Structures are given as structure tokens and as C-alpha cells.
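**Student:** Take this structure first; my questions come after.
The values are calculated or read from the model by the stated rules, or taken from the named source; none is laboratory data. Fair warning: this is a prediction, and the values are worked out from it, not measured in the lab. Don't worry about glycine lacking a Cβ; one is built from the backbone with ideal geometry, like all the others, and counts go over all protein chains shown. With ligands, DNA and RNA removed, areas are computed over all heavy atoms of the protein, side chains included. Shrake-Rupley method; radii C 1.70, N 1.55, O 1.52, S 1.80 Å.
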Amino acid sequence: MNRSRTRNPLALRRPTLMRAGVAVLATGALTSLAACGGGGEGGGGTSSQRPSDTLTFAYDADAAPTGYDPLEYSQGQFTFFSTLYDSLFVTQPDGTVAPSLVTEFSNNEDDTQTTLTLRDGVTFADGSELTAEVVKANLDRRNDADLEAYGALATGGASEIVDVAAPDPQTVVITWAQPQASPENNLTDTAGVVVGPDGLADPASLETTPDGSGAYTLNAGETTRASTYTLDKNDEAWNADEWAYDSVVFNVITDSQALANAVISGQADIATILKPTTIDMVEQRSSLAKVGGTIVGFPVIDKTGATNPAFADERVRQAISHAIDREAIVEQLHPGAQPTAQLFPAEAEGFDPALNEEFGYDPERARELLAEAGLPDGFAFDITVLGQPSEDQVVIQQQLAEVGITMNFVTATSTDQVFAAVRTDPLIFGPMAIGGQPAGWVAGVLYGGFMNMQGATEPEIQSALGAALGATGDAREQALGDLNRAIAENGWYIPVYEDYAYTGYNAEKVAEPSYAGTNNYLVLSEVEPAA
């Protein structure tokens with residue numbers, strides 16, 4: 001091993017805290033897709049009488065709709081699961097990645113093998129201790145298609161793991177299919193969560209019983225699924241002292257107005273994610289934190305023409321991008337958002353302002369591209385919506401029509417039909433939590449995940465992605481810029497605007513909460529009582 005490249009993270013402060021390392025989130029991609037159709041109007045409640053050592057957190061969605069296996073969820077759910085589980089690495093408020101269950105790690109000379117040294121004294125809820133065999137058993141689950149967190153690590157993924165070895169109880173050796181210069185980014189937050197042996201042996205048990213090494217345990221007697229989750233601190237946990245509160249209560253409040261009211265009234269100390277329609281009210285009567293990194297737009301699912309032949313031609317996909325008047329959409333519907341024609345958020349490495357000009361609004365160029373693609377009279381395609389299409393979709397439908405593209409809305413009769421759209425529609429629409437590690441999101445979602453069900457390949461994207469994952473420093477910055485450009489030029493994602501995630505908080509009770517860099521989920525362990 002090349003020990004000269006060993007990181008010594010003991011000097012880094014480790015926060016315990018929604019797939020950016022491999023992120024959708026947010027707010028993961030699937031969660032965001034479901035949100036595009038609108039949430040229900042029910043809501044959980046909280047008691048105004050609560051002990052001062054309890055942090056009351058209001059969530060806009062069910063924190064654990066399918067149970068307590070954290071690997072079934074995207075990065076955006078890590079705000080909740082960070083209380084119950086630990087990860088190999090975690091995202092800090094400044095966006096950097098820090099070791100957690102790992103104390104030291106190193107790469108070999110060609111960056112194809114990573115050695116992890118595990119932390120001593122970590123115990124799971126089932127009473128067993130953290131060992132290399134436990135970590136190996138977790139990573140050996142990576143080809144399970146039901147586990148949302150492992151998209152990039154699975155066979156065929158851009159960060160594919162081909163072997164995991166446990167030469168001794170404290171050492172894990174990971175072999176990658178291709179060089180990974182920053183392997184920690186692949187094993188961060190949800191993607192690096194480690195489940196205890198009992199949960200691994202019987203994954204079905206995780207539906208009702210968490211098995212993690214986190215600072216908190218589930219209080220089943222005070223938990224009602226889809227309504228309220230109560231977590232009590234385990235004072236024996238290795239990182240218990242890093243958390244400020246004895247209990248954390250998550251209340252599910254899906255009605256956007258009720259969510260805002262909860263933090264304004266003092267029923268909740270923190271409320272997230274707020275709808276833009278409520279942020280002015282919250283800012284006037286309470287306090288507000290926000291972060292960018294959420295790109296709203298069209299992931300192009302069909303790059304081969306399997307569902308609609310027109311989409312096999314990248315010129316058609318580019319024509320759609322040129323037909324969208326992003327500035328008008330932001331001005332009319334989303335004041336404060338930023339129009340963008342590129343996948344990478346403005347604060348992310350690899351962002352290129354020139355792309356917004358090259359692929360921005362130009363209806364004449366859109367018509368030229370359609371003609372070059374053999375579609376001078378335009379074409380039509382279907383897109384599935386749950387209930388009514390959003391205001392964004394209606395406006396974009398009108399803009400596309402001006403260049404001869406007809407976007408037909410197909411009303412879904414169930415959420416299952418919405419999720420099935422990734423196999424039946426040429427593109428989908430919604431907010432995607434790209435965050436501060438876009439290469440990980442591309443690897444795990446856009447190229448190696450559910451947004452590429454057809455297994456489409458594009459040498460330019462694949463080459464740039466491999467370079468981005470296998471480089472550091474200036475070379476990494478160049479590779480990320482190349483990756484961002486390749487996605488735009490090949491029309492694999494058609495962005496409309498960059499949005500912000502908003503969190504309300506009661507400044508009399510808590511200090512301003514921190515996001516995980518530019519990801520739209522919070523570093524919950526960093527939440528402290530107000531000074």
C-alpha cells in the first residue's frame with residue numbers, strides 16, 4: 001500500500017450526519033420524484049409542552065415509510081437515519097467529507113484499492129461490535145436492486161466495487177473496478193451506512209427494528225409510523241457526547257402551511273423542507289436557513305429511442321433545452337431561484353457559466369436542430385403526472401409548442417404509475433438534489449442508476465466521469481468541467497432552474513442549523529441550543 005497517501009482524519013471534527021456523495025435526495029431522486037406530484041394534506045402534530053433537552057423536528061415527509069433499513073433510502077434521508085446509524089464517512093457543514101467509523105484510510109498507487117482502518121469501541125443495537133467482517137457484509141449487499149443507496153457501487157456502476165476483503169478485525173480492503181482518487185466520496189452518509197449483524201442476517205427485521213450504532217435508539221412506545229418518531233440518546237454510544245439533546249422527535253407534517261405554522265408557533269424547533277410559498281411568512285415570524293444545490297428539470301430517461309424514437313437523437317434533446325425560456329419561468333413562478341441550463345449547481349466544482357449561454361433559450365436554434373434531426377414539423381411525446389401538472393410543466397408545455405414540440409400530460413392513477421414512468425416515458429420532471437458532489441450523483445443516479453434503466457452509454461460522459469472519479473486537484477476540476485459539459489452537449493439532463501431548500505428554525509431555542517455542504521439535508525449532530 002502507498003502509505004504516503006494516508007489521510008489522518010483524527011484532527012477533523014466528526015459530525016454524525018439526504019444520495020449527494022451518491023445523492024438524490026434528496027430529497028433523493030426517487031423521493032423528489034414522488035414529491036413532484038404533490039404531497040398529501042395530512043399532518044402530524046407536536047405537543048407545545050416538551051422538555052428542554054428534546055429537539056423537536058418537523059419533516060415534510062415520512063422519515064421511514066418502508067422501515068428502518070437506511071440503505072433503502074437516498075442521501076436526503078440521512079438527516080433522520082444519522083441518529084440511529086453511523087456511516088464510514090460523513091459530509092460536514094463546509095461540504096468536506098470526514099471519516100466517522102473509519103479512523104484512517106489510504107489508496108494504492110493506481111487508486112484501484114482502498115484500505116480502511118475501523119474505529120474501536122463501536123457497538124450496535126444488537127449488542128455486537130463493529131468489525132471488518134460486518135463492514136464487508138454490508139458492502140456485499142451492493143448488488144441488491146432494492147437498496148437505493150448502492151447504485152454507483154453495484155456492478156456496472158461508475159464506482160463499482162469488485163471485491164471487499166477483511167484481512168483482520170479492524171481492516172477493510174476495497175477493490176474498485178476503476179480508479180477512485182477520492183474513495184471517501186463513494187462511502188459517505190447513506191452510501192456508507194453500516195447495519196449491525198442481526199439486521200444483516202434478517203433484513204426483514206429492519207422494517208420494525210433499527211440495528212445501528214448511532215447515538216440514539218428508537219423509542220417504539222412513543223413512535224407512530226408515518227406520524228411521530230421518538231429517539232432517545234444511548235449514553236453508551238461511542239459518539240453520544242457529540243449530540244446536544246437527550247431526545248429527538250421527528251414529526252411528519254406533509255401539509256406545507258401546517259409545516260410552516262409548526263415552527264412559527266413553537267411546536268417545532270426546526271421544520272424542513274419548507275415550500276417557497278411559506279418562506280416569507282417564516283422569515284418574518286421566525287428564522288430561516290437555506291441552501292442551493294437542487295436542480296429542477298428533466299432527466300432524459302430515453303436516450304436510445306426505446307419509448308419515443310425522436311429522443312435517440314441528441315439534437316432533439318438539445319432542441320428541448322433551447323426551447324425553454326428559463327428566465328421567464330423563474331421571474332414568473334420562482335423569484336429567488338436561478339435559471340440554469342447545466343446540471344451542476346452554481347457552487348459546485350465544475351460549474352461553467354458559459355454552458356448557460358450555449359444551451360439557453362434560443363427558439364430559432366431549437367427549430368434548426370429539429371430540422372437537422374429530420375423533424376422539421378416537430379414531434380410529440382408523453383409525460384406522466386400525478387393529478388394536475390405543475391405550473392412549471394404547463395408553462396414549459398406552451399414554450400415547447402412554440403417550436404413544434406407537443407408535450408402531452410398523461411394522468412397517473414397511482415403513485416406506482418409515477419414511479420413506473422422511468423420505464424415508460426422519455427423523460428420525467430422534478431427537483432433533484434444534486435448537491436456538492438455532482439460526479440457521485442451522476443455515477444449513482446444519472447448514469448449508473450434508475451435514470452438510465454435502458455443502460456444507454458455515451459463515451460464522452462463515461463470518459464469524463466471516470467476521470468472525475470479518478471483524479472484530484474486541478475485534474476479533478478478539469479474533469480468535472482468536462483463531465484458537466486458532456487451531459488449538456490449530449491442532452492442527458494435538461495435543467496430549468498436551481499432551487500433552494502429552506503429550513504425554518506426557532507432562534508430562541510436552537511442555533512442556526514447547518515446543511516451538509518450544498519446538499520439539501522441537515523447535519524443534525526451539529527444542531528445546538530441557542531446561546
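**Student:** For segment 93-120, name all the residues that are in a loop (DSSP other than H, G, I, E, B), within 26 Å of the chain's Cα centre (by Cα) and over 19 Å from residue 70 (Cβ atoms).
**Tutor:** 93, 94, 95, 96, 111, 112 - these are the residues of segment 93-120 that are in a loop (DSSP other than H, G, I, E, B), within 26 Å of the chain's Cα centre (by Cα) and over 19 Å from residue 70 (Cβ atoms).
**Student:** Moving on to the next point. I need the full set of residues from segment 205-251 which are within 21 Å of residue 72 (Cα to Cα) and open to solvent by 70 Å² or more (accessible area, probe 1.4 Å), in order please.
**Tutor:** Scanning segment 205-251 gives 207, 208, 209, 220, 224, 225.
**Student:** Another question, if that's okay. Of (1) surrounded by fewer than 24 Cβ atoms within 10 Å (Cβ to Cβ); (2) under 19 Å from the mean Cα position of the chain (by Cα), residue 423 satisfies all except one. Which?
**Tutor:** Failing condition for residue 423: (2).
**Student:** Answer yes or no as to whether residue 431 is surrounded by 24 or more Cβ atoms within 10 Å (Cβ to Cβ) and either at pLDDT 90 or above or charged (D, E, K, R) (or both).
**Tutor:** Considered against the rule, which asks whether it is surrounded by 24 or more Cβ atoms within 10 Å (Cβ to Cβ) and either at pLDDT 90 or above or charged (D, E, K, R) (or both), residue 431 comes out as no.
**Student:** Tell me which residues, restricted to segment 50-102, are open to solvent by 10 Å² or more (accessible area, probe 1.4 Å) and of a type in the set (Asp, Glu).
**Tutor:** 53, 60, 62, 72, 94
**Student:** Sticking with this structure for a sec: Which residue pairs have Cβ atoms closer than 9 Å, lie 6 or more positions apart in sequence or on different chains, and pair a first residue in segment 95-119 that is over 24 Å from residue 520 (Cα atoms) with a second residue that is part of a loop (DSSP other than H, G, I, E, B) and among the acidic types (Asp, Glu)?
**Tutor:** Short answer, once both residue conditions are applied: 103/120; 119/86.
**Student:** Could you please find all residues in segment 121-133 being under 13 Å from residue 212 (Cα atoms), open to solvent by 50 Å² or more (accessible area, probe 1.4 Å) and outside any strand (DSSP E or B)?
**Tutor:** Those that are under 13 Å from residue 212 (Cα atoms), open to solvent by 50 Å² or more (accessible area, probe 1.4 Å) and outside any strand (DSSP E or B): 125, 127.
**Student:** Just to be sure before I move on: is residue 349 out of contact with any Phe, Trp or Tyr (no Cβ under 6 Å at 6 or more places or on another chain), open to solvent by 70 Å² or more (accessible area, probe 1.4 Å), assigned to a helix (DSSP H, G or I) and farther than 18 Å from residue 403 by Cα in the structure I sent? Reasoning before the result, please.
**Tutor:** On the way: out of contact with any Phe, Trp or Tyr (no Cβ under 6 Å at 6 or more places or on another chain): yes; open to solvent by 70 Å² or more (accessible area, probe 1.4 Å): yes; assigned to a helix (DSSP H, G or I): no; farther than 18 Å from residue 403 by Cα: yes.
Considered against the rule, which asks whether it is out of contact with any Phe, Trp or Tyr (no Cβ under 6 Å at 6 or more places or on another chain), open to solvent by 70 Å² or more (accessible area, probe 1.4 Å), assigned to a helix (DSSP H, G or I) and farther than 18 Å from residue 403 by Cα, residue 349 comes out as no.
**Student:** For residues that are on the phi < 0 side of the Ramachandran plot, surrounded by fewer than 24 Cβ atoms within 10 Å (Cβ to Cβ) and modelled with pLDDT under 95, tally how many sit in segment 464-480.
**Tutor:** Residues that pass the stated criteria total 9.
**Student:** Can you find, within segment 273-293, the residue that is modelled with the lowest pLDDT among those that are open to solvent by 10 Å² or more (accessible area, probe 1.4 Å) and closer than 14 Å to residue 501 by Cβ?
**Tutor:** Per the criteria, the residue is 276.
To keep it simple, each residue is scored yes or no on (1) modelled with pLDDT under 95; (2) assigned to a strand (DSSP E or B); (3) under 28 Å from residue 441 (Cβ atoms).
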site: 153; (1), (2), (3): yes, no, yes
site: 200; (1), (2), (3): no, no, yes
site: 229; (1), (2), (3): no, yes, yes
site: 248; (1), (2), (3): no, yes, yes
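**Student:** Just give me the residues in segment 482-517 being β-branched (Val, Ile, Thr), crowded, with 22+ Cβ neighbours inside 10 Å and under 27 Å from residue 285 (Cβ atoms), in sequence order. Working first, answer last.
**Tutor:** Quick first cut of segment 482-517, residues β-branched (Val, Ile, Thr) only: 487, 494, 496, 503, 510.
Those left that are additionally crowded, with 22+ Cβ neighbours inside 10 Å: 487, 494, 496, 503.
Residue satisfying the conditions is 503 alone.
**Student:** Could I ask something else about it? How many residues are touching a Gly at 6+ places or on another chain (Cβ under 7 Å), surrounded by 12 or more Cβ atoms within 10 Å (Cβ to Cβ) and not hydrophobic (A, V, I, L, M, F, W, C) when one looks only at segment 380-405?
**Tutor:** Summing the residues that are touching a Gly at 6+ places or on another chain (Cβ under 7 Å), surrounded by 12 or more Cβ atoms within 10 Å (Cβ to Cβ) and not hydrophobic (A, V, I, L, M, F, W, C) in segment 380-405 gives 1.
**Student:** Output yes when any residue across segment 279-299 is part of a helix (DSSP H, G or I) and polar (S, T, N, Q), and no when none is.
**Tutor:** yes
**Student:** Then there's this: Quick one: in segment 315-346, which of the residues that are in a helix (DSSP H, G or I) and aliphatic (A, V, I, L, M) is surrounded by the fewest Cβ atoms within 10 Å (Cβ to Cβ)?
**Tutor:** Restricting to residues being in a helix (DSSP H, G or I) and aliphatic (A, V, I, L, M), the top hit is 328.
**Student:** Restricting segment 241-299 to residues that are closer than 22 Å to residue 222 by Cα and of a type in the set (Phe, Trp, Tyr), which is nearest to the chain's Cα centre (by Cα)?
**Tutor:** Here the residue is 250.
**Student:** Can I ask one more? With the structure loaded, tell me whether residue 377 is open to solvent by less than 30 Å² (accessible area, probe 1.4 Å) and among the charged types (D, E, K, R) or whether it fails that test. So that I can check it myself, show each step before the final result.
**Tutor:** Details: open to solvent by less than 30 Å² (accessible area, probe 1.4 Å): no; among the charged types (D, E, K, R): yes.
When the stated conditions are applied, residue 377 does not pass them.
**Student:** Another question, then. Quick one: count up the residues across segment 162-187 that are in a loop (DSSP other than H, G, I, E, B) and open to solvent by 30 Å² or more (accessible area, probe 1.4 Å). Even if it seems obvious, please write down each step before you answer.
**Tutor:** Just the residues of segment 162-187 that are in a loop (DSSP other than H, G, I, E, B), to begin with: 169-170, 177-182.
Now restrict to residues that are open to solvent by 30 Å² or more (accessible area, probe 1.4 Å): 169-170, 177-179.
Total meeting the criteria: 5.
**Student:** Just the residues that are surrounded by 19 or more Cβ atoms within 10 Å (Cβ to Cβ) and either small (Gly, Ala, Ser) or in contact with a His (Cβ under 9 Å, 6 or more places away or on another chain) (or both), please, taken from segment 441-455.
**Tutor:** 443, 444, 448, 449
**Student:** Same structure, new question: Would you check which residues across segment 352-372 are open to solvent by 10 Å² or more (accessible area, probe 1.4 Å) and within 14 Å of residue 403 (Cα to Cα) and list them?
**Tutor:** 361, 362, 363, 364, 365, 367, 368, 371, 372
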